[in-house]
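The values are calculated or read from the model by the stated rules, or taken from the named source; none is laboratory data. Treat the numbers as computed from the prediction; the structure is a model and nothing was measured. Heads up, the Cβs are rebuilt from the backbone with ideal geometry, glycines too, and the neighbour counts pull from every protein chain shown. Heavy atoms of the whole protein, side chains included, go into the accessibility calculation; ligands, DNA and RNA do not. Shrake-Rupley method; radii C 1.70, N 1.55, O 1.52, S 1.80 Å.
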Amino acid sequence: MLSFIARRLGLLIPTFFGVTLLTFALIRLIPGDPVEVMMGERRVDPEMHAQAMERLGLNKPLYQQYFDYIGQLASGNLGESLRSRESVWREFLTLFPATVELALAALLFAGTLGVIAGVVAALKRGSLFDHGVMGISLTGYSMPIFWWGLLLIMFFSVGLGWTPVSGRIDLLYDIPPVTGFMLIDTLLSDEPGAFGNALRHLILPAIVLGTIPLAVIARMTRSAMLEVLREDYIRTARAKGLSQARVVFVHGLRNALIPVLTVFGLQIGSLLAGAVLTETIFSWPGIGKWLIESIGARDYPVVQNGILLIACLVILVNFTVDILYGLANPRIRHQK
Amino acid sequence: MSPLCKALLTAGLLTSASFAHASNLVYCSEGSPGGFDPGQYTTGTDFDAASETIFNRLAEFERGGTKAQPALATSWDVSEDGLTYTFHLREGVKFHTTDYFKPTRDFNADDVLFTYQRMLDRNHPFRQAYPSEFPYFTDMGLDKNIAKVEKTDDMTVVFTLNAVDAAFVQNLAMNFAAIHSAEYADQLLKAGKAAEINQKPVGTGPFVFSRYQKDAVIRFKGNTQYWAPEQVKIDNLIFSINTDASVRAQKLRAGECHVTLNPRPADLQSLQADKNLNVPTEPGYNLGYIAYNVTRAPFDKREVRQALDMAVNKTAIIDAVYQGAGQLAVNGMPPTQWSYDESIKDAAYDPEKAKELLKAAGVKEGTEITLWAMPVQRPYNPNARLMAEMLQNDWAKIGIKARIVSYEWGEYIKRAHAGEHDAMLIGWTGDNGDPDNWLGTLYGCASVDGNNFSKWCDAEYDKLVVAAKRVTEQEQRSELYRQAQAVLKREVPITPIAHSTVYQPMRSSVKGFEISPFGRNSFSGVSNN
């Protein structure tokens with residue numbers, strides 16, 4: 001097991017450098033410099049332009065900028081945003097909880113509903129329900145997030161008035177940020193009704209963000225479950241006269257969930273990618289929205305370090321999932 | 001019962017809190033401001049969030065107009081030679097008291113000196129401690145034209161200029177010229193926290209900064225000590241930040257905000273149909289136009305520019321691109337600008353005559369040119385790509401093949417400054433209500449490397465606009481500008497297309513909101529009941 005962990009850890013270092021090089025190159029491959037973007041159609045005084053570029057450290061040759069960047073990273077400094085002059089790390093920390101809150105809600109929604117739908121579909125294989133689940137999940141998987149989000153807003157928020165259009169909470173509640181998790185902060189703030197209000201704000205974005213993972217998890221659970229149900233030990237369990245519930249949930253589901261667990265891990269990446277769109281639609285103040293705005297403003301430090309932080313997170317989650325998977329399934333960790 | 005339990009219990013029961021006594025206004029804004037020091041920024045998003053709310057300037061534009069009127073200065077005198085401006089300051093103006101600053105004195109000349117010297121002097125101690133640029137100030141040429149700023153007593157400040165600038169007071173009324181507290185700056189400098197001037201602002205304006213959460217919300221309290229108390233009719237002003245225009249429109253309809261901005265043409269109809277909303281409109285103080293690069297053949301010939309100009313079907317463009325929300329443009333500036341010449345007429349749409357002109361100029365059929373289209377939506381042009389396609393079609397009819405070119409916005413501007421285009425779509429939104437901001441800034445010889453995207457430098461024209469800037473008498477200036485407009489029309493360095501119409505959606509409970517020609521959103525004097 002230790003050598004397995006070591007092998008995985010060894011992979012992390014080149015991956016990390018690959019990511020730094022990629023983010024550094026990507027943002028610079030897009031043309032346009034931050035001073036020009038800031039000024040719009042207005043003239044940029046060449047002298048002022050030169051000064052700004054110098055202050056931002058953008059007048060040096062590219063390789064020099066890259067080494068400076070790596071040097072900064074090595075000293076644990078993520079730089080400061082060109083636009084707000086606030087430290088990138090601080091901005092990340094204040095915005096990250098909003099994304100985590102949204103992603104967790106989406107995962108909870110996708111996980112529970114997906115596993116239930118998958119199990120039932122597998123048990124009633126070939127039934128109308130099964131076809132329904134498969135059809136809907138295919139639709140959900142191919143749904144453009146942007147359109148889906150606006151559709152739900154039109155229907156539930158504007159049409160029926162059940163859910164708010166956007167944001168994390170009705171802004172008339174003045175909730176001081178403590179943990180950054182709105183649901184927790186509302187409970188700490190002692191403002192009556194704020195928790196319920198925040199919860200209602202969470203519903204639509206969580207559904208929109210959870211739609212694709214829901215489809216994936218439902219399909220994955222169904223096929224894993226079908227596979228497991230064919231196994232000998234299930235037949236044995238049935239033959240022993242165990243109850244259907246016990247066979248399905250204790251013997252079947254527990255084993256079927258192992259591959260589903262990996263899918264969960266892989267979904268973290270697509271959740272964060274989906275968060276960029278979902279947060280934009282619902283004005284959800286998280287890192288997705290932060291990145292989108294920073295790309296528009298050519299805010300180099302935010303884009304490269306923001307993406308780097310997210311990449312590290314995804315790598316770390318996948319690493320953890322790998323380890324957990326290795327623990328759950330001995331066959332994996334002995335593979336070369 | 002612990003607060004946690006109580007909150008849990010009440011959470012399900014109450015869906016919205018009651019705010020019976022305070023007057024609140026939620027404004028759905030379009031983006032996060034970069035910071036709260038207006039001098040460092042150039043965009044409306046930054047100005048609305050800080051300059052209009054927290055700060056005042058020496059002079060300010062009247063709400064809904066372009067005239068500069070007294071604000072922190074109650075009056076000003078201009079010397080005979082037009083080079084010295086003496087500002088008399090307002091007595092008894094208090095800076096904001098916040099949890100990070102308690103003022104010990106009222107506003108005075110030192111605050112004006114601090115504000116301007118910081119922008120003028122690269123070696124100013126505050127600028128050493130917190131390196132920053134003041135792009136708008138530099139762009140307006142104020143760093144070069146202001147020779148010195150001095151105080152004669154606590155309530156009098158004298159500006160000395162290097163050259164006469166008829167629009168000087170208008171320039172000082174612009175958003176970037178927000179007056180900071182010298183006392184607060186001192187406090188920050190001593191604490192080694194100079195950069196906080198951009199995050200924890202202190203001003204004299206109608207609203208006091210309370211809290212900012214990036215990408216989510218900015219909170220302000222009504223300033224109870226404001227020097228014009230009748231202007232503050234809101235206790236809590238809240239900016240709710242939403243980048244998507246459709247979402248802003250939905251929030252307004254759902255009553256989650258009271259005022260918003262820049263609706264998409266597609267959302268207008270449903271907003272106007274909603275009985276709970278008001279959507280007043282104003283002709284925009286902007287201009288979308290085609291700039292011909294006169295340094296390149298065949299645009300160096302006037303006949304060619306004339307031909308292209310008269311081949312443009314403007315009415316069709318207004319219908320399709322502006323979806324009716326635009327006004328056909330004739331001159332190089334909007335009709336609401338004083339000195340606009342009503343007597344100038346557009347050349348008639350005449351493809352046949354255009355063909356003849358081209359033939360006479362020796363331009364062969366099938367000549368290829370590039371036509372640049374902006375990649376972004378701007379106030380003066382909601383859809384440059386579509387406009388370019390329509391122009392391509394119009395010009396094809398007279399035998400000119402236009403290839404549409406587009407770059408990322410920053411790159412587009414940079415390459416256009418370098419003159420790489422043949423013809424390009426561009427535009428302008430007025431800054432300060434002065435005709436020079438159009439006729440001088442956009443088409444004058446001094447701007448050939450800057451905003452003059454036609455690279456057009458005409459001696460006759462330039463003499464007129466330079467002379468107009470150097471006199472201070474308005475009637476005299478108007479006459480010179482009218483002559484300049486005639487030259488501009490005759491020489492056709494640009495084809496004016498449209499002035500977009502501004503739509504300002506708000507809940508009908510909002511009273512006193514005036515549409516600013518400059519596109520600013522100001523909440524002083526606004527109430528919401």
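Before moving on, here are some points about what is shown:
- Residue count, region A:218-277 (criterion: surrounded by 15 or more Cβ atoms within 10 Å (Cβ to Cβ) and among the aromatic types (Phe, Trp, Tyr)): 1
- Of all residues in region B:217-226, those that are buried (at least 21 other Cβ atoms within 10 Å of the Cβ) and more than 13 Å from chain A (Cβ to nearest Cβ) total 2.
- Taking (1) touching a helix residue (DSSP H, G or I) at 6+ places or on another chain (Cβ under 7 Å); (2) modelled with pLDDT of 85 or more in turn, A:Ser270 satisfies each apart from (2).
- Some residue of region B:417-437 being in a helix (DSSP H, G or I), open to solvent by 20 Å² or more (accessible area, probe 1.4 Å) and within 12 Å of chain A (Cβ to nearest Cβ): yes
- Pairs where the first residue, in region B:171-195, is within 16 Å of B:Asp111 (Cβ to Cβ) and the second is of a type in the set (Lys, Arg) and open to solvent by 20 Å² or more (accessible area, probe 1.4 Å), C-beta under 7 Å, 6+ apart: B:Glu183/B:Arg105
- The residues in region B:382-412 that are in a helix (DSSP H, G or I), more than 14 Å from chain A (Cβ to nearest Cβ), buried (at least 16 other Cβ atoms within 10 Å of the Cβ) and in contact with a helix residue (DSSP H, G or I) (Cβ under 6 Å, 6 or more places away or on another chain) can be counted, and the count is 2.
- Check on B:Phe107, in a loop (DSSP other than H, G, I, E, B), among the hydrophobic types (A, V, I, L, M, F, W, C) and more than 26 Å from the chain's Cα centre (by Cα): yes
- Picking from residues in region B:23-46 that are surrounded by fewer than 23 Cβ atoms within 10 Å (Cβ to Cβ) and touching a Leu at 6+ places or on another chain (Cβ under 9 Å), the one that is nearest to B:Glu133 (Cα to Cα) is B:Glu30.
- Of the helices (runs of 4 or more DSSP H) that lie entirely inside region B:157-275, those containing 3 or more residues that are touching a Phe, Trp or Tyr at 6+ places or on another chain (Cβ under 9 Å) span B:168-172, B:182-190, B:265-273.
- Within region B:245-257, if we keep just the residues that are at the interface with chain A (Cβ under 8 Å from one of its Cβ atoms) and open to solvent by 30 Å² or more (accessible area, probe 1.4 Å), the residue that is farthest from A:Leu150 (Cα to Cα) turns out to be B:Glu256.
- For region B:304-315, the condition of being surrounded by fewer than 19 Cβ atoms within 10 Å (Cβ to Cβ) and in a helix (DSSP H, G or I) holds for at least one residue.
- The set of residues from region B:265-282 being open to solvent by 50 Å² or more (accessible area, probe 1.4 Å) and among the aliphatic types (A, V, I, L, M) comprises B:Ala266, B:Ala273.
- Region B:283-298, residues that are assigned to a loop (DSSP other than H, G, I, E, B) and more than 14 Å from the chain's Cα centre (by Cα): B:Asn293, B:Val294, B:Thr295, B:Arg296, B:Ala297, B:Pro298
- Tally, over region B:122-140, of residues that are open to solvent by less than 50 Å² (accessible area, probe 1.4 Å), more than 9 Å from chain A (Cβ to nearest Cβ) and at pLDDT below 95: 3
- Residue count for region A:150-183, restricted to those that are among the hydrophobic types (A, V, I, L, M, F, W, C), open to solvent by 60 Å² or more (accessible area, probe 1.4 Å) and within 10 Å of chain B (Cβ to nearest Cβ): 1.
- Scanning region A:186-206 for residues that are in contact (Cβ under 8 Å) with a residue 12 or more places away in the chain, in a helix (DSSP H, G or I) and open to solvent by less than 50 Å² (accessible area, probe 1.4 Å) returns A:Thr186, A:Ser189, A:Ala194, A:Phe195, A:Asn197, A:Ala198, A:His201, A:Leu202, A:Leu204, A:Pro205, A:Ala206.
- Evaluation of B:His124 against (1) farther than 30 Å from A:Ala52 by Cβ; (2) out of contact with any strand residue (DSSP E or B) (no Cβ under 7 Å at 6 or more places or on another chain) (one fails), failing number: (1)
- Of all residues in region B:74-104, those satisfying the criterion of being part of a loop (DSSP other than H, G, I, E, B) and within 30 Å of B:Ala163 (Cβ to Cβ) are B:Ser79, B:Glu80, B:Asp81, B:Gly82, B:Leu83, B:Arg90.
- Filter pass, A:Leu78 being under 19 Å from A:Leu308 (Cα atoms), under 29 Å from the mean Cα position of the chain (by Cα) and outside any helix (DSSP H, G or I): yes
- Being without any contact (Cβ under 8 Å) to a residue 60 or more places away in the chain, of a type in the set (Asp, Glu) and surrounded by 14 or more Cβ atoms within 10 Å (Cβ to Cβ) is a property that B:Asp350 has.
- The residue of region A:66-105 that is farthest from the other protein chains (Cβ to nearest Cβ), among those that are over 12 Å from A:Gly286 (Cβ atoms), touching a residue at least 40 places away in the same chain (Cβ under 8 Å) and open to solvent by less than 20 Å² (accessible area, probe 1.4 Å), is A:Tyr69.
- Count of region B:227-242 residues which are touching a residue at least 12 places away in the same chain (Cβ under 8 Å), away from chain A (no Cβ under 14 Å) and over 15 Å from B:Ser522 (Cα atoms): 1
- Helices (runs of 4 or more DSSP H) within region A:226-331 that include 2 or more residues within 30 Å of A:Ala6 (Cβ to Cβ): A:254-281, A:300-328
- The residue that is most open to solvent (accessible area, probe 1.4 Å), counting only those in region B:64-106 that are acidic (Asp, Glu) and under 20 Å from B:Gln474 (Cβ atoms), is B:Glu80.
- Region B:344-364, subset in a loop (DSSP other than H, G, I, E, B) and in contact with a helix residue (DSSP H, G or I) (Cβ under 8 Å, 6 or more places away or on another chain), residue farthest from B:Ala423 (Cα to Cα): B:Ile344
- Filter result (under 20 Å from B:Pro229 (Cβ atoms) and within 10 Å of another protein chain (Cβ to nearest Cβ)) within region B:171-216: B:Ser210
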